[in-house]
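J.: Got a structure here, written out as structure tokens. Questions coming.
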């Protein structure tokens with residue numbers, strides 16, 4: 001018997017510099033406004049933090065007009081750190 005697997009989105013990490021990961025989250029519009037982005041970001045960040053990857057910080061580049069994404073990352077503990085080329089750069093230092 002085959003199982004139907006439905007994908008609602010992803011959380012992606014890309015290495016940047018020494019000890020950093022750039023994180024991005026995308027949720028299919030049909031699944032938005034259900035708390036899935038928060039859950040996915042929290043669980044994924046926790047896995048990275050508890051891993052042996054020697055990650056010291058996460059960075060998210062978010063366009064200023066993307067209010068939902070800014071709120072998502074701020075609620076997850078990210079801090080606005082600087083602006084470059086129309087993007088807001090958010091960062092959290094992992095312990």
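Every number here is computed from the coordinates shown, using simple stated rules; none is lab data. What you see is a predicted model, and the numbers here were worked out from it, not measured in a lab. When we count neighbours, we look across all protein chains shown, and the Cβ atoms used for this are built from the backbone with ideal geometry, even at glycine.
J.: Where both partners of a DSSP beta bridge lie in region 9-93, what percent of those bridges are antiparallel, to the nearest 5?
T.: 85
J.: If each Cα of region 9-93 is one equal point scatterer, what is log10 of I(q)/I(0) from the Debye formula at q = 0.19 Å⁻¹?
T.: Ignoring solvent entirely, the Cα scatterers give -0.84.
J.: Something else: How many angstrom separate the Cα center of region 8-22 from the Cα center of region 60-83?
T.: Here the two parts' Cα centres lie 15 Å apart.
J.: Rank these for me by crowding, 7, 57, going from fewest to most other beta carbons within 10 Å.
T.: 7, 57
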